[in-house]
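Chemist: Please see the structure below; I have some questions.
What follows is calculated from the coordinates using simple rules that are stated; it is not laboratory data. Bear in mind that the values here come from a model prediction, so they are computed numbers and not experimental data. Using ideal geometry, Cβ is built from the backbone for each residue, glycine included, and neighbour counts are taken over all protein chains shown.
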Protein chains: 2
Amino acid sequence: MGFAETFKALSDPVRREILLMLRDQKMSAGEIGSHFEMTGATISYHLSQLKKAGLVSESRYKNFVYYEINMSVFEELMMWISQFSGGQNEKG
Amino acid sequence: MGFAETFKALSDPVRREILLMLRDQKMSAGEIGSHFEMTGATISYHLSQLKKAGLVSESRYKNFVYYEINMSVFEELMMWISQFSGGQNEKG
DNA sequence: TATCTATTTAGATATTTTTCTAAATAGAGT
DNA sequence: ACTCTATTTAGAAAAATATCTAAATAGATA
C-alpha cells in the first residue's frame, strides 16, 4: 500500500472532506461532487487518489459508482502514528 | 496548525525517516543529514517542513541545531484518524 | 578580530499536483 | 438501436514541491 500515497491522499482538504462525507454512508460520485464547486472530472480525480491509497473502495449499481470508506487502511495508519505518540520505546 | 500541512509533511519518505530517527533521541541537523545522500540544504528544507507542521521542534547548543519529536501533533492526528477507524458512529 | 564549522537562505530547474475543458465510455431506459 | 445520464480519461495549463549549487549567517574558538 505505502504510507506515501496514504498521507499524500490525506493532505488535500477536498479529499479529507470527502472522507468525512463517507464516514457514515456510501455515496455516488455525483452526490459527492455536488457538495463542491468543482467539475465532476476533478472530483473523479480526487476519488481515484483516495482509491489508489486504499482509503475508499467502489461498487456499481445502475449508472452509479458508489464510494465507501475502507477502514483497514486507517487502522494501519494508527499503528504507524502510535510509534510516536504511544511512547512504548522507553528504556527499562 | 492544520492537517493539510501535517499530512503533507508526512507524505515524504525522507521526512518520515527523519521522524523515525528522532523517535528516541534528539539529533543535530548535520547528524540527520549524514544518514541521507542529499545536500545539507535539502535536509534543512525537509526539517523546515517538519517544523512548520509542528512535528518537530528545535533547540540550539553551540554551533548545532538540535531537532526533536513533538508528540502532541501526533496525538491530534490520532484523534482525527480515530473518527474513521473507531466506529463510534453506529446507530442504536 | 579572523577564521572555521554548522546550518539556512536564495535562486534555478525538473517533477508532481490540481484543476479545467472536451471527448470517450458504459450502462439504462425507451 | 438510440439517446440520456453518470462517470472517467486525455490533454493542457498553473501552481506547488523537491532538489541542487552557491552564497549568506551566526556562533565558537583560536
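Chemist: On average, how many beta carbons from a partner chain sit within 10 Å of the beta carbon of a residue in B:70-78?
Modeler: Mean inter-chain Cβ contacts per residue within 10 Å come to 4.
Chemist: Restricting to DSSP H runs of at least four residues, report the calculated mean residue ellipticity at 222 nm for the protein assembly as shown, -39500 (n - 2.57) per run over all residues, nearest 500 deg cm²/dmol.
Modeler: -16000 deg cm²/dmol
Chemist: Also, I was wondering about something else. Please go through the residue pairs B:Lys26/B:Lys62; A:Lys26/B:Lys52; A:Lys26/A:Lys52; A:Lys8/B:Lys52; B:Lys26/B:Lys52 and name each one whose alpha carbons sit more than 26 Å apart in this structure.
Modeler: Flagged as over cut-off: A:Lys26/B:Lys52.
Chemist: What's the average, rounded to a whole number, of partner chain beta-carbon atoms within 10 Å of each residue's beta-carbon in B:31-42?
Modeler: 0
Chemist: About the Cα centre of the protein assembly as shown, what is the dipole size in debye to 20, counting +1 per Lys and Arg Cβ and -1 per Asp and Glu Cβ, all else neutral?
Modeler: That gives the protein assembly as shown a dipole magnitude of about 180 debye.
Chemist: Once you sort the root eigenvalues of the Cα gyration tensor of the stretch B:9-58 as a ≥ b ≥ c, which label holds: rounded (a/c under 1.5), prolate (a/b larger than b/c) or oblate (the other case)?
Modeler: rounded
Chemist: Can you give me the distance in nm between label points at A:Asp12 and A:Ser44, each placed 7 Å from the Cα along the Cα-to-Cβ direction?
Modeler: A separation of 1.4 nm, rounded to one decimal place.
Chemist: Cβ neighbours within 10 Å, averaged per peptide: list A:18-26, B:3-11 in order, most packed at the top.
Modeler: B:3-11, A:18-26
Chemist: Using the charge dipole of the stretch B:3-85 (Lys, Arg: +1 at Cβ; Asp, Glu: -1 at Cβ; taken about the Cα centre), state which of B:Ser57, B:Pro13, B:Met79 has its Cα farthest towards the positive end.
Modeler: Selected residue: B:Ser57.
Chemist: Let me ask something else. With θ set to phi - 60° and the Karplus curve 6.51 cos²θ - 1.76 cosθ + 1.60, what are the ³J(HN,Hα) couplings of the stretch A:16-21 in order, to the nearest whole Hz, using x for Gly and Pro?
Modeler: Working through the residues one at a time gives 5, 5, 4, 4, 5, 4 Hz.
Chemist: Need one number for the stretch A:16-92: average projected area of the convex hull over its C-alpha atoms, nm².
Modeler: It is 6.3 nm².
Chemist: If amide H atoms are built 1.01 Å from N in the plane of the peptide, which residues on other chains or at least 5 residues away come under 5 Å of the amide H of B:Tyr66?
Modeler: So B:Tyr66 has HN proximity to B:Ser59, B:Arg60, B:Tyr61.
Chemist: Next question, about the same structure. Could you list, bin by bin from short to long, the percent of Cα-Cα pairs of the protein assembly as shown in 5 Å steps?
Modeler: Spelled out bin by bin, the protein assembly as shown gives 1, 7, 15, 18, 16, 13, 10, 7, 5, 3, 1, 0, 0, 0 percent.
Chemist: For the stretch B:3-85, what is the charge dipole size about the Cα centre, in debye to the nearest 20, if Lys and Arg each add +1 at the Cβ and Asp and Glu each add -1 at the Cβ?
Modeler: Using only the charged Cβ atoms, the result is roughly 180 debye.
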